[in-house]
Structures are given as structure tokens and as C-alpha cells.
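Undergrad: If you scroll down you'll find the structure; I have some questions about it.
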Amino acid sequence: MDPIKASLLKKSRAAKSETRGKLISLVCISLIVFIVLAIFYFVASRGLATFFKDKVSIGRFLTQSTWNPSLKDSHGHPEVGALPMIMGSFGVTFLAALLATPFAIGAGIFMTEISPKRGEKLLQPVMELLVGIPSVVYGFIGLSVIVPAVRHLFGGSGFGILAGTCVLFVMILPTVTSMTVDALKSVPRHYREASLALGATRWQTTWKVVLKAATPGILTGVVFGMARAFGEALAVQMVIGNAALLPHNLITPASTLTSVLTMGMGNTVMGSLANNALWSLALLLLLMSLLFNLLVRLIGRKGAMNR
Amino acid sequence: MADYDLTQTHIIHLDEPKHEIALSTEKLNVYYGENRAMHDASLQFERYRITALIGASGSGKSTYLRSLNRMNDNIANSRVTGKIMYRDLNINSDEIDVYKMREHIGMVFQRPNPFAKSIYDNITFALKRHGQKDKKYLDEVVETSLKQAALWDQVKDSLGKSALALSGGQQQRLCIARAIAMKPDILLLDEPASALDPISTNTVEETLIRLKEEFTIVIVTHNMQQAARISDYTAFFHSGRALEFDETRKLFTRPKIKAAEDYVSGHFG
Amino acid sequence: MNAKKWDKVATAVLTGIAGLIVLLLACLLGYILVRGLPHVTWQFLTKPAQTFTKGGGIGVQLFNSFYLLILAMVISIPLSIGAGIYLAEYAPKNWVTNVVRTAIEVLSSLPSVVVGLFGFLVFVIQFKLGFSILAGALVLTVFNLPLLTRNVEDALKSIHFTQREAGLALGLSRYETVKHVVIPEALPNIITGMILGAGRVFGEAAALIYTAGQSAPSLDFTNWNPMYIASPLNPMRPAETLAVHIWKINSEGIMPDATAVSAGASAVLIIAVLLFNWLARVIGKRVYRKMTAA
Ligand SMILES: Nc1ncnc2c1ncn2[C@@H]1O[C@H](COP(=O)(O)OP(=O)(O)OP(=O)(O)O)[C@@H](O)[C@H]1O
Ligand SMILES: [Mg+2]
């Protein structure tokens, strides 16, 4: 028989390599997916134990304000009220986002509308460096500069939500800015040209036309920034004071979900209520991270619909 | 564009053993999703002859050509039905090893696509992967295939140079050299000269005429003169159908189908 | 006229904001370098840390950071390339792929503490690795994989499809073509992404506190047998990294010269990050030039 014909009916070396390559890459991607599932499974199984094994009610967990997992209150309920940490986390996150957004938009407009050249040459690298600085360094600077400054200006210990907000502001600024820049850049040129042709100034064009068109993208950036702020652990933990108390103002020691987790996990016994309660906080963090993801998707879908 | 009767065709049949058929299709259909881009194309390609595929843009020439060595397999949701006969095998079937098949049915694309490797490596890379280790043989193949592609004289002193540093025309000839270095049975070319200047085009045409001593060639071209000059057979495509297939001489002088007549005369007149 | 004036004011304000941000970075870097660099001596870089007395160094921590980084990259680079190849080359367009992509996105946005705690639970406790370099490297891999994978996918996708067709038409498999043609061409971008990832890993602390541990037992730099308990290469020993060290001494507050050591360590950390950034650019460009050069 024709040797070429015969070779066409056999599995070639290339075909085998294809099968092998496909398999290898499939294994790699499956591993990642498996890890994600494992994270959810393990964190959830521990985090839910507080409610199902230790019979703490979810409502109380979310609304009570005393966090003292090793003690029980007068009714015999364990004191696992996560409200102070929830408030702390949301507090620093919202305040940091509130502070960072105008800066990010300002920088974004500067980089896209006013001086793209200097934006690219100067601000772009600045942003990349700001992202690159490790969070412990931010924490250390917060501890040695911001905390004393707050103490000096407002009295008290200096630790608290205000210091946390300042640190997070710098940390999420590059995230929000770079996404804002992307959003502004993706506004089609003819939007600007049409507006300028109608006699609008550059500022009017930017404000009324460009920013409006870029809103979904900017919002996405803000949500990403908030996600980063919400999940940041060490930098915040170093400046917030770590007191699991309901924050009454911005300059008294408070705590966040992440700070309590980092401080507490090493001091509790696996499987105890105190430990399970910490895992519940981790679960809460996980769910919030999911929520932020969901928000980004919703905004993206809405933005796509408005186009 | 005029409305043509798409049911009327003129497809000659080449009888064996007078004509040795290297490759043929029977009722070949190609779908891109719901869109049927090729309707029941049945053509034969004679061994050691050049067959030209002509037709207006979008008529399905590339679609047809690419299905001959199953390059369409790689396009998501494209589907090919019908038979492609090669060495008494229907190569449009799962039992066929596509990779092996493509070693024998090579292809040169419309846009030059050299690898970002040296000129030498561009030609030897696939050979090495297929197990050819003999350095002397590889050197020889590089030289002969570059000579056949009329590129040897320009690059013989710089075989280590990156292929991306070549001009567009040179890159295309390198791609031709790369394809013939595999010593395929059949060479499929999709407008290989469309990116070339007249002189390079001329060189490539001469190359192809010389190459048909060894290979069976199927070439898509927009250039009527080119088709007339180099091909032995011509197939005319229109609206995803092969409407006329004949000896080139006949198709160009006395087309039987109105659409082909209009197309050919439009280009000559 | 009024509109024009507004335009000017807005331009000035926006330029001011941009300037402020640049100034902010300058201050941050300046502060760390001015306060930290004076402490950075050869002694400081090589001596072990002290807990209760002044004058400790960061030698062990520095070594740990690099060792951990290398281990983590050795594990995560092949995995991310494999996963990136799958997404760029093989993933069909269907809901499964969407789920996979979502999973990767979710993983990339998970807080690193959560990833660290997962590592603690699984690697340290379930796998019985204890607080160890290996556990740390594994958790850093988890932390790093999504970004590296996406980077590889993007780099591969930026290479034109015609390159794959070229390989396929020569009878090569898609995988061979990707491995020997597409990846080399995408290498500049892949390398840049990998180095940036390495920078991120180098500064990470939250994920390591409960995996690689918070203690740095002294090392015997004369014995490099990985099985030996005090060997620098022993992957089963606890290993506090530089970043964890900074956090630790600041939150414990026992070390008398914690601020000075932190400043010095921060300076080293920042210089490392700057170096990674710079390397990412330079190497990426160099590789690119080498590949396209005549
Ligand atoms: N990858 C694809 N996906 C969907 N449709 C396609 C694809 N490739 C081609 N088509 C469609 O198939 C039809 C034929 O295209 P084809 O590329 O075969 O034409 P052609 O004759 O080669 O034209 P040209 O001379 O311009 O190269 C066209 O209508 C085109 O839109
Ligand atoms: Mg075509």
C-alpha cells in the first residue's frame, strides 16, 4: 500500500503532541478553577460553623456591637458582634473612595485631555510605582507619618479611621486612576470633535460630554478601588488602632474585618468558637469581594447597553 | 451586479487514466455558522498541473482552497461537508490525521506570515520538528527551496537574519520556500502575488511554472493575466459556487457560463 | 468670556491635581529613602535580626524573600503558561469558559488575607507542612496565578492568528506552533508580566503571615543541603520575609530600634520594587529587540 496513504491513517507525532498539549493546558486551568472552589469550600465550611455548629444567629452576628468571642453575655449568648469591624471596613473603604475619586478623575482628565504627553511620560510611571509599593511600606509610612500627624492635629492617639483612610487613599488612587484613564481614552474622538465644533470650550466638552460617556468605566474603577481597600489588611491594621469598638469618630482606635483577622487568627484554637467567628469574618470578606465583582459586571453590562 | 442563473454550470470531468487526478472534491459544502459559503463544489486537480481559482471578491475562493487541507478546522463554528479525495482517501473525515495530511498538502497564504525566526530557521523549523536532524540535508533543502522560490541570491549571505527584516515580497517568497521545503505533493496558494511588485510577481510566476514539474498546484488569483499565463485549468467561482471549470485556454477564450464570460471579459476588455 | 475663564480655572486645578500626585510619590519615595538608606549598610543587609536589642539586620529575611520568590515563581510560571495557553488557544466559546474566566477574575480580586488564611488551613494544617517556605510559596502561587495567567493569555492573543496558521499549514500541531512560534514571539510581554508579578510577590506580606510564618530561625550559610534543618535551602523551615518583618516589628513594638530597622527594610523593599519595574521594562524591550533585529 501507498506509504503516504498509510501514514494518513495513523496517529502522527503532531497529533500526539496536540493531545498532550491540550491535556497539559487543561490540567493547569482546571487546577486554578479547583483552587478557587477549594478556597470557597474551606472558608465557607469554617465560617459557617459559627452559625450552624455554635448556633450563633446570623442576625446577631451582623448587628451586635460587642466582639469578645471567648466570653458570653448575660443571656449566655457568645459575644460575637461583628458590627464594629463591618462599620470600620465600610468606613475606611467609602471614605478612601470618596477621597480618591476626585483625584483620580482629575488626574485622568489631565492625562487624557490636557497633557497626554506628560501624562504618559510622568503620571503613568508614577501610577505604576504607587501600585508597586508594598502595602507594609504604606503601613509603615502611615504609622510613622500619618498617625503622628493626626495625633498632632486632632489629639487622641492618632490611630483610627482617619489614618486608615489616608493610607488607603494613596493605595487605591492608582487603581482608580488607571481605570479612569482607560475609560476616558475609550470615549470616541468624534464626541469631542463634535462638541468642540459647536463652540464648547475644552472644559465644557470634558465635563459635559467626555466624563458623561466615561461614567460606567470610571464607576468600575471606583468599585475596583473599593474592593482593594476593603480587602487590604496590613497597611490598615498598622494604623487603625485595632480596637473592636463601634467607631464614634474618625480619630479613635477602630478595627476592620481584615485587621481583626490578622491579629486574631494566631491567638485562637482551631475549631473553637473564637476561631470559627474569625473564619466567619473571612467568609464575609470573601462575599464582599464577590459582591464587588458582581457590581463591576453589572456596571459593565449597563454601560454596554447605553452605548 | 447582474443576476445570474446559479443552477447552470459547466464543469468538465477529467477521466483517468488519461489524466492523473491528485486531488478532487465531491459536493463540497462549507458553512460559517448558518451561512453557507460554498455550495456543492466538485472539482478535480490534475497531477503536475496548475489549476487557477478565479472569481470576484467574496465568491468563496479562499473558503474552498482552505478547506482542501482543512485549514477551516481552526475556524470556530465552521463546518465542511462532502468528500475531499486524496490518494483514494476521503481526507474530510475524522480518521485522517490532519497534521500528516498537511505535510503533503501545503499552503501559502495571501498575507506573508514568516515566523519571527531567522531565514534559515523559517525553512528548517518544521522539518526539524518532524524529525529531520541531518544538518547536511537541511542545508541542502534551504538552498534548493530558496533557489526555487527565487530568493537564494538575495539572502544567501544572511541566512541568520530575522525573516521579519525582509521586504514584503521577499517574505512571501520565503513562505513559498518554506512550503516547498516540506516537499509536499500538492501546493495550495492563496493570491501569493497580491502583495508583490511586478518584478517579484514575475519571479514567483516563473517559479510556479518550474515547480509544477514536481508539485500539483492550486492557486487563487485575482489577476486574470496571471491565471491565463501560468495555469492549465481554471475554475470560476461565483456566489459560493464553482460555476465553470475547464482548461484555461477554453475558459478564457470561450466561457460557457454568462457570469464567467462577464467576469473574464470585464477584466480583459 | 465666562466659559473661557472656567476653562482656564479647570485646567489649572487639574494640572494642580496631577502635580500633587507626582509630589505625593516623590514624598513617599523621598521619605523612605532618606530615612531608610542611612541604615542600609552591608552589615544591615547580612546580619540576622535582633528581637530585644538594637542593631539587628535583615540578612535572613532578605534571603527568605528571594528564596520564597524563586520557589513561588518556579511553581507559578509553568502553571500560568499552561492555563494561559488553554484560555488563548483552546477554550471554546461557551458557558464553561465563562465560568472559568469568572473564577480567575474572582481569584484575582480576593483579598490576600483570605488567600493566606486558605493557605494556612490547607497547606499548613491539612497538608501538615507547618509554617514553612513551601507553604508560603504555594500560597503565593495561588495569589499570583490569576494575574500571570491573564498576562500570558493577553500576550498570546496579541500574536496574530496568521502565525498559528503558518505552523498548522506545515503539519505542526497547534500546541507545537504555540510552544515554538507563538510563545517566543509573545515572550517580551510574558516576561514583563512575570517580572511585575515577581515584584508583587516580593512585597506581599498578608498572605504569608500564617503560611511562611513570622519567625526567622537563624540559618547556617555553610550547609546548603536542603534536608538539613538550618540549611538556607530547607523548604520546610519557617521563614519570615522582609515584608512580614516590617509588619511584625511595627505591630509588636518590642524591638527598640524598630523604626530604624523598618525604615531600612522599607528602603530595601522599595529599591527591590523599583528594580523589578525597571527590569520588566528593560528586559521586555531587550528581548523584543533581539527577536525582531536583523
Ligand atoms: N471566517 C469566516 N467567518 C465567517 N464568514 C466567512 C469567513 N471567511 C469567509 N467568510 C465568508 O465567506 C464568503 C467567501 O469568502 P472568501 O474569503 O472565501 O472569499 P474570496 O473569494 O476568497 O474573496 P477575496 O477575493 O476577497 O479573498 C464571504 O461572504 C465571507 O464573508
Ligand atoms: Mg480570499
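Undergrad: When the helix-only estimate is applied to chain C (DSSP H runs of n ≥ 4, each -39,500 (n - 2.57), divided by the residue count), what is the mean residue ellipticity at 222 nm, nearest 500 deg cm²/dmol?
TA: Details: 11 runs with 195 residues, N = 294.
Result for chain C: -22500 deg cm²/dmol, rounded to the nearest 500.
Undergrad: Shifting gears a bit: At q = 0.08, 0.12, 0.13, 0.16 Å⁻¹, work out log10 I(q)/I(0) for segment A:83-306 with the Debye formula, treating every Cα as an identical point scatterer and leaving solvent out; two decimals please.
TA: -0.35, -0.71, -0.80, -1.06
Undergrad: Expected output is a single nm value to one decimal: the length gained when fully extending between residue C:220 and residue C:20, i.e. 0.36 nm times separation in residues minus the C-alpha distance. What is it?
TA: Numbers: separation 200, 0.36 × 200 = 72.00 nm, distance 4.79 nm.
Gain in length upon complete extension: 67.2 nm.
Undergrad: Quick check on the protein assembly as shown: of the DSSP beta bridges with both residues there, what percent are antiparallel, nearest 5%?
TA: Numbers: 26 of 48 bridges.
The antiparallel proportion sits near 55 percent.
Undergrad: Then there's this: Along the Cα-to-Cβ line of residue A:60, 7 Å from the Cα, sits a label point; which residues in segment A:265-305 have backbone N less than 18 Å from it?
TA: Backbone N within reach: A:272-281.
Undergrad: Per the Debye formula with a single identical scatterer at each Cα and no solvent contribution, what log10 I(q)/I(0) holds for chain B at q = 0.11, 0.13 Å⁻¹?
TA: For chain B, the Cα-only Debye profile gives -0.61, -0.85.
Undergrad: Could you give each residue of segment B:68-74 its phi-based ³J(HN,Hα) in whole Hz, using Karplus coefficients 6.51, -1.76, 1.60 with θ = phi - 60°, and x for Gly or Pro?
TA: 5, 10, 6, 5, 6, 3, 8
Undergrad: For residue A:185, list the lysines whose Cα falls under 26 Å from its own Cα; do not include residues on the same chain fewer than 8 positions away.
TA: Output for residue A:185: A:117, A:121, A:208, A:212, A:302, C:4, C:5, C:8, C:157, C:285.
Undergrad: Right, another one. Using only atoms on other chains, find how many Cβ atoms lie within 10 Å of each Cβ of peptide A:94-104 and report the average. Each step should come with its number before you reach the end.
TA: Working: counts 0, 0, 0, 0, 0, 0, 0, 0, 1, 5, 2.
Per residue, the number of nearby Cβ atoms from other chains is 1 on average.
Undergrad: Can you give the average number of partner chain beta-carbon atoms within 10 Å of each beta-carbon in peptide C:75-88, as a whole number? Present the calculation step by step, with values, prior to reporting the outcome.
TA: Working: counts 0, 0, 0, 2, 6, 3, 3, 11, 9, 3, 7, 10, 4, 1.
Counting Cβ atoms of other protein chains within 10 Å of each residue's Cβ and averaging gives 4.
Undergrad: I've got another one for you. Which order do B:167, A:89 take when ranked by solvent-accessible area (1.4 Å probe, heavy atoms of all protein chains), largest first? Provide the component values of the computation, followed by the final result.
TA: Details: B:167 60, A:89 0 Å².
I get B:167, A:89, largest accessible area first.
Undergrad: Still on this structure: Would you check the accessible area of residue C:224, probe 1.4 Å, heavy atoms only, in square angstrom rounded to 10?
TA: 110 Å²
Undergrad: If you don't mind, another one. Along the charge dipole of the protein assembly as shown, which of B:192, B:145, C:189 sits closest to the positive end, that is, farthest toward it, with unit charges on the beta carbon of Lys, Arg, Asp and Glu (+1, +1, -1, -1)?
TA: With unit charges placed on the Cβ atoms, the residue in question is C:189.
Undergrad: Here's another thing I want to ask about it. If you take the square roots of the eigenvalues of the alpha-carbon gyration tensor of segment C:40-293 and sort them as a ≥ b ≥ c, do you get rounded (a/c under 1.5), prolate (a/b over b/c) or oblate? Each step should come with its number before you reach the end.
TA: Working: a/c = 2.37, a/b = 1.87, b/c = 1.27.
Because a/c hits 1.5 or more and a/b exceeds b/c, segment C:40-293 counts as prolate.
Undergrad: Right, here's the next one. At 0.36 nm per residue, and after removing the present C-alpha to C-alpha distance, how many nm does the segment from residue A:44 to residue A:117 gain when stretched out fully? Don't skip to the answer; put the middle values down first.
TA: Working: separation 73, 0.36 × 73 = 26.28 nm, distance 4.85 nm.
This chain segment gains 21.4 nm when fully extended.
Undergrad: Placing +1 on the Cβ of each Lys and Arg and -1 on the Cβ of each Asp and Glu in the protein assembly as shown, which of B:172, A:15, A:184 has its Cα farthest towards the positive end of the resulting dipole?
TA: Value: A:184.
Undergrad: Can you list the DSSP H helices in chain A whose Cα atoms extend at least 20 Å along the helix axis and whose mean Kyte-Doolittle hydropathy is 1.6 or higher? Could the numbers behind the result be given before it?
TA: Working: long enough: A:13-52 (57 Å, 1.31); A:83-109 (38 Å, 1.74); A:161-185 (34 Å, 1.63); A:211-231 (29 Å, 1.06); A:273-306 (49 Å, 1.23).
Helices meeting the span and hydropathy rule in chain A are A:83-109, A:161-185.
Undergrad: Here is a further query. Counting only C-alpha contacts under 8 Å and six or more residues apart, can you give the relative contact order of chain C as a whole percent? Walk me through the numbers on the way to the answer.
TA: Numbers: 393 pairs, mean separation 76.5, N = 294.
Answer for chain C is 26 percent.
Undergrad: Report in % the part of the accessible area of segment A:144-190 that belongs to carbon and sulfur, leaving out ligands and nucleic acids; probe 1.4 Å. Please list the in-between numbers first.
TA: Working: 1250 of 1880 Å².
Accessible surface attributable to carbon and sulfur in segment A:144-190 totals 67 percent.
Undergrad: Could you name the aspartates and glutamates whose alpha carbon sits less than 20 Å from that of residue A:72, not counting residues in the same chain fewer than 8 places away?
TA: Cα-Cα hits under 20 Å: A:54.
Undergrad: Skip the ligands, DNA and RNA, and give the accessible area per residue of the protein assembly as shown with a 1.4 Å probe, whole Å². Spell out each step's value before the answer.
TA: On the way: 37410 Å² over 870 residues.
So the protein assembly as shown comes to 43 Å² accessible per residue, rounded to a whole number.
Undergrad: How big is the dipole moment of the protein assembly as shown about its Cα centre under a simple scheme where the beta carbon of each Lys and Arg is +1, that of each Asp and Glu is -1, and everything else is neutral? Debye, nearest 20, please.
TA: Details: 84 positive and 60 negative charges, 247 e Å.
The dipole of the protein assembly as shown has a size of about 1180 debye.
Undergrad: Also: Give me the lysines in straight-line cross-link reach of residue A:16: C-alpha distance below 22 Å, same-chain residues under 8 apart excluded.
TA: In chain and number order, the partners are A:5, B:100, B:128, B:133, C:179.
Undergrad: Also, I was wondering about something else. Where in chain C are the helices, taken as whole DSSP H runs, whose Cα atoms extend 20 angstrom or more along the long axis and whose Kyte-Doolittle mean reaches at least 0.0? All intermediate terms of the calculation are to be shown ahead of the outcome.
TA: Working: long enough: C:2-36 (50 Å, 1.25); C:59-85 (39 Å, 1.76); C:95-109 (21 Å, 0.77); C:133-157 (34 Å, 1.04); C:183-203 (30 Å, 1.00); C:258-292 (50 Å, 1.03).
Result, helices passing both filters: C:2-36, C:59-85, C:95-109, C:133-157, C:183-203, C:258-292.
Undergrad: Just to be sure I understand: if you take the accessible area of chain B alone plus chain A alone and subtract the pair, with a 1.4 Å probe, what total do you get in Å², rounded to 100? Each step should come with its number before you reach the end.
TA: Numbers: alone 13030 and 17590 Å², together 29400 Å².
Counting protein atoms only, the buried area is about 1200 Å².
Undergrad: In what sequence, largest accessible area first, do B:241, B:254, A:301 appear using a 1.4 Å probe?
TA: Working: B:241 60, B:254 170, A:301 150 Å².
Result, largest first: B:254, A:301, B:241.
Undergrad: Report which residues of segment C:13-60 become buried by 30 Å² or more of accessible surface when going from the isolated chain to the complete set of protein chains (1.4 Å probe; DNA, RNA and ligands ignored).
TA: C:14, C:15, C:17, C:18, C:21, C:22, C:24, C:25, C:28, C:31, C:32
Undergrad: Just to be sure I understand: with springs between alpha-carbon atoms less than 10 Å apart, which residue in A:158, A:271, A:91 has the highest mean-square fluctuation in the Gaussian network model of chain A?
TA: Evaluated over chain A, the most mobile residue of the options is A:271.
Undergrad: Then there's this: Report the dimensions of the protein assembly as shown along its three principal axes from the alpha-carbon atoms, largest first, rounded to Å.
TA: 103, 79, 58
Undergrad: Then there's this: Note down the relative contact order for chain A as a percent, whole number, built from C-alpha pairs under 8 angstrom at least six residues apart.
TA: Numbers: 424 pairs, mean separation 73.9, N = 307.
Averaging sequence separation for qualifying contacts and normalising by length gives 24 percent for chain A.
Undergrad: Which residue, B:221, B:201, B:25, tops the fluctuation ranking in a GNM of chain B built on C-alpha contacts under 10 Å?
TA: Highest fluctuation of the listed residues: B:201.
Undergrad: Between chains C and A, what is the buried accessible area summed over both chains (1.4 Å probe, protein heavy atoms, nearest 100 Å²)? It would help to have the intermediate numbers written out before the result.
TA: Details: alone 16420 and 17590 Å², together 27490 Å².
Chain pair C/A: roughly 6500 Å² of buried accessible area.
Undergrad: Roll a 1.4 angstrom probe over the protein heavy atoms and tell me the percent of accessible area of chain C that is carbon or sulfur.
TA: Values: 8250 of 12130 Å².
Exposed carbon and sulfur together represent 68 percent of the surface.
Undergrad: Using a 10 angstrom cutoff on alpha carbons, build the Gaussian network for chain B and name the most mobile of B:171, B:154, B:44.
TA: B:154
Undergrad: To test your reading of the geometry: what angle, between 0 and 90 degrees and rounded to tens, separates the Cα axis of helix B:198-211 from the longest principal axis of chain B?
TA: Approximately 90 degrees, to the nearest 10.
The values are calculated or read from the model by the stated rules, or taken from the named source; none is laboratory data. If you're wondering where the values come from, they're calculated on a predicted model, not measured in any experiment. Glycine also receives a Cβ, built like all others from the backbone with ideal geometry; neighbour counts cover every protein chain displayed. Keep in mind that these areas ignore ligands, DNA and RNA; they rest on the heavy atoms of the full protein, side chains included. Shrake-Rupley method; radii C 1.70, N 1.55, O 1.52, S 1.80 Å.
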